[in-house]
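J.: What follows is a single structure, and I will ask about it in a moment.
Read-outs throughout are calculated quantities, based only on the coordinates presented, and are distinct from any laboratory measurement. Predicted model, so just to flag it, every value in this text is computed and none were measured. Cβ placement follows ideal geometry from the backbone for every residue including glycine, while neighbour counts extend to all protein chains displayed.
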Amino acid sequence: MKIFKSKHKLQKKILNIKNISFVPTMGGLHRGHISLIKKSKTFKGKILVSIFVNPKQFNEKKDFLSYPRNLKKDLIILKNLNVDFVYIPNVKNIFSFRAKNKIFLDKSSKKLCGQSRRGHFEGVLNVVNRFLEIIKPRYIFLGIKDFQQSYLINRHILKKKINTKVIHCKTIREKNGVACSTRNNRLNENQFKIASNVFKYLKTKKKLIQKKISNFKLLKIKKDLINLGVTKIDYVELYNVKTLKRPKNKREKFKIFIAFYLNKIRLIDNI
Ligand code: PAF
């Protein structure tokens, strides 16, 4: 496993490699990341993982500073997975050059997390666009736990005709149903239990909505979630997975999207 901090050294090394599978991360690696890397292993070529906590996608400085980091542990995990290259740039390395492509922000970026985290998706696309230019990967692996993120990255890649294919990977969950997330590190036992109850509640709700779409009663759902112990709800929405619009009938493929707080910790999921 080769570790690179410099963009130039990395580019020199990978210049002639055609099939690069790219797994972008912000570190704090968990079973979700591991499954992305394992998925990338089923494709031909070399695997490159980046670790970069991107300051531009945090709308609150406090959140950026308290984001869990554990580089030593991350590198052990990556080594055990036999990853070929790890790229750990610093802020200057990534943002000091002029990107060729301007970012394309689909209008659905204004919804869901785009509404509650102003500037978040601009920040994500800014950094991913730069990574794509530096690495020119054949594939990029993204988890659908961050559904809107992978949706918007895909829209950007298609619009800008970038020669990289998005591989959308399934959400990995803890035994109690909570979606794996670096932020789970900050939950105490009780909060972890509440997060699990939220998942179970929404799973049951989804079954009812699949029977009858009018079973989606937003106010009632919000009230129930607060009763379960949720501190604050940024959004809970029912959206068609292709259009990110409200479905009109139960034959459309939809999901429940949620962002909520347990004390100061913000979690997202889609069920
Ligand atoms: O999902 C993440 O970890 C980040 O948003 C990403 C894609 C690595 C961009 O910083």
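J.: Please list the non-local residues whose amide H lies under 5 Å from the amide H of residue 3, H modeled 1.01 Å from N, same-chain partners needing a gap of 5 or more.
T.: When sequence neighbours closer than 5 places are left aside, the close amide H contacts are 86.
J.: Using 1/(1 + (r/R0)^6) with R0 = 22 angstrom and r between the beta carbons of residue 59 and residue 185, what's the FRET efficiency to the nearest 0.05?
T.: Efficiency computed from Cβ-Cβ geometry: 0.60.
J.: In addition: Tell me the Kirkwood radius of region 137-177: reciprocal of the mean inverse pair distance over distinct alpha-carbon atoms, in Å.
T.: 11.0 Å
J.: Compare 127, 83, 91 in a GNM of the chain, Cα atoms joined below 10 Å, and give the one with the largest fluctuation.
T.: Top of the fluctuation ranking is 91.
J.: List every residue whose amide H lies under 5 Å from the amide H of residue 26, counting only residues 5 or more places away in sequence or on a different chain, with H placed 1.01 Å from N in the peptide plane.
T.: 52
J.: Calculated FRET efficiency, residue 95 and residue 246, Cβ-Cβ r, R0 45 Å, to nearest 0.05?
T.: The value I calculate is 0.75.
J.: At a temperature of 4 °C and a viscosity of 1.567 mPa s, determine how fast region 143-267 diffuses translationally according to Stokes-Einstein, using the Kirkwood radius over alpha-carbon pairs as Rh; express D in µm²/s, rounded to the nearest whole number.
T.: For the chosen part, D equals 82 µm²/s.
J.: With a cut-off of 8 Å between alpha carbons and a minimum separation of six or more residues, what is the relative contact order of the chain in percent?
T.: Rounded, it is 18 percent for the chain.
J.: Nearest 5 percent is fine: what portion of the DSSP beta bridges confined to the chain is antiparallel?
T.: 45 percent
J.: With an 8 Å cut-off on Cα pairs and a minimum separation of 6 or more residues, tell me the relative contact order of region 34-154 in percent.
T.: 34 percent.
J.: Which of 142, 65 comes first, and how do the rest follow, when ranked by fewest Cβ neighbours within 10 Å?
T.: Final ranking by Cβ density, sparse to dense: 65, 142.
J.: Oh, and also: Counting pairwise Cα distances across region 101-213, what percent come out greater than 20 angstrom?
T.: Result: 55 percent of Cα pairs exceed 20 Å.
J.: Rounded, prolate or oblate: which one fits region 157-216, using the alpha carbon gyration tensor with axes a ≥ b ≥ c (rounded when a/c is under 1.5, else prolate when a/b beats b/c, else oblate)?
T.: oblate
J.: A follow-up question, please. Go ahead and run the numbers for FRET between residue 193 and residue 71, Cβ-Cβ distance against an R0 of 25 Å, rounding to 0.05.
T.: According to the calculation, E is roughly 0.25.
J.: Hey, what do the phi angles of region 266-271 turn into as Karplus ³J(HN,Hα) couplings, whole Hz, using 6.51/-1.76/1.60 and θ = phi - 60°, x for Gly and Pro?
T.: With the stated coefficients, region 266-271 comes to 9, 10, 10, 7, 9, 10 Hz.
J.: Give me the dipole magnitude in Debye, nearest 20, for region 123-173 about the Cα centre, with unit charges on the beta carbon: positive for Lys and Arg, negative for Asp and Glu.
T.: Computed charge dipole of region 123-173: roughly 160 debye.
J.: Note the full-extension length gain between residue 217 and residue 200 as 0.36 nm times their separation in residues minus their Cα-Cα distance, in nm to one decimal.
T.: 4.4 nm
J.: Extent of the chain along each principal axis, from alpha carbon coordinates, in Å, largest to smallest?
T.: For the chain, the Cα extents along the three principal axes come out at 57, 39, 35 Å.
J.: Amide H to amide H, which residues 5 or more places from residue 239 or on other chains are under 5 Å from it, using H placed in the peptide plane?
T.: Counting only residues 5 or more places away or on other chains, the set is 255, 257.
J.: For region 1-136, build the charge dipole from Cβ charges (+1 Lys, Arg; -1 Asp, Glu) around the Cα centre, then report which of 57, 90, 108 sits farthest towards its positive end.
T.: Going by the charge dipole, the pick is 90.
J.: Could I ask something else about it? Per residue of region 96-104, in order, report the coupling 6.51 cos²θ - 1.76 cosθ + 1.60 (Karplus, θ = phi - 60°) as ³J(HN,Hα) in whole Hz, putting x for Gly and Pro.
T.: 8, 9, 8, 6, 5, 8, 7, 6, 9
J.: What is the dipole size for region 150-227, taken about its Cα centre, with +1 at each Lys and Arg Cβ and -1 at each Asp and Glu Cβ, in debye to the nearest 20?
T.: The calculation lands at about 420 debye.
J.: Can I ask one more? Could you give the nm distance between label points at residue 79 and residue 15, where each point is 7 Å from its Cα heading toward the beta carbon?
T.: In this crude spin-label approximation the distance works out to 3.0 nm.
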